[in-house]
Amino acid sequence: MNVTLIARILAWAMLAPLVVVTIGPIDWRPVSHLPVQLERALALALIGFVFAVGYPRHLLLVGLVVLSTTILLEVLQMVEPSRHGRLIDAAVKLTGGVIGLAAGHLLNRVRHRS
């Protein structure tokens with residue numbers, strides 16, 4: 001199995017639980033010892049990274065998927081009574097997603113030069 005296929009599987013496998021913990025009740029959210037904003041940024045950075053690695057020729061499309069999903073999930077948090085969508089949270093998540101997409105894109109460029 002090649003890296004691209006593994007990254008594609010991981011990308012979608014990681015996005016599904018993110019949707020559940022983002023729009024589900026607050027007690028479904030996993031808790032770590034990291035600051036919450038750092039958790040958010042890292043989660044989206046990792047997802048952006050694996051999407052970029054999984055779809056190296058479709059960076060704009062996967063960027064649209066990652067970033068629009070992030071915005072949609074933040075808006076949908078307003079529907080769940082125990083959650084709240086906030087602009088700062090969206091900004092942190094979008095920043096993480098962009099950083100992950102860029103890192104994945106850079107890795108793809110390095111891999112394909114070799």
| said: Scan region 93-108 and tell me whether some residue there is of a type in the set (S, T, Y), part of a helix (DSSP H, G or I) and at pLDDT below 95. | reply: no
| query | Out of all the residues in region 89-114, which are among the small types (G, A, S) and under 10 Å from the mean Cα position of the chain (by Cα)? | reply | G96, G97, G100
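Yes/no matrix, rows are residues, columns are (1) under 20 Å from L42 (Cβ atoms); (2) in contact with a helix residue (DSSP H, G or I) (Cβ under 9 Å, 6 or more places away or on another chain); (3) surrounded by 12 or more Cβ atoms within 10 Å (Cβ to Cβ); (4) free of Cβ contacts under 8 Å to residues at least 24 places away in the same chain:
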residue	(1), (2), (3), (4)
S82	no, yes, no, no
L87	yes, yes, no, yes
L94	yes, yes, yes, no
I99	yes, yes, yes, no
A103	yes, yes, yes, no
R109	no, no, no, yes
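The values are calculated or read from the model by the stated rules, or taken from the named source; none is laboratory data. These numbers come from a predicted model, not from an experiment. FYI the Cβ positions are ideal-geometry reconstructions off the backbone, even for glycines, and counts take in every protein chain you see.
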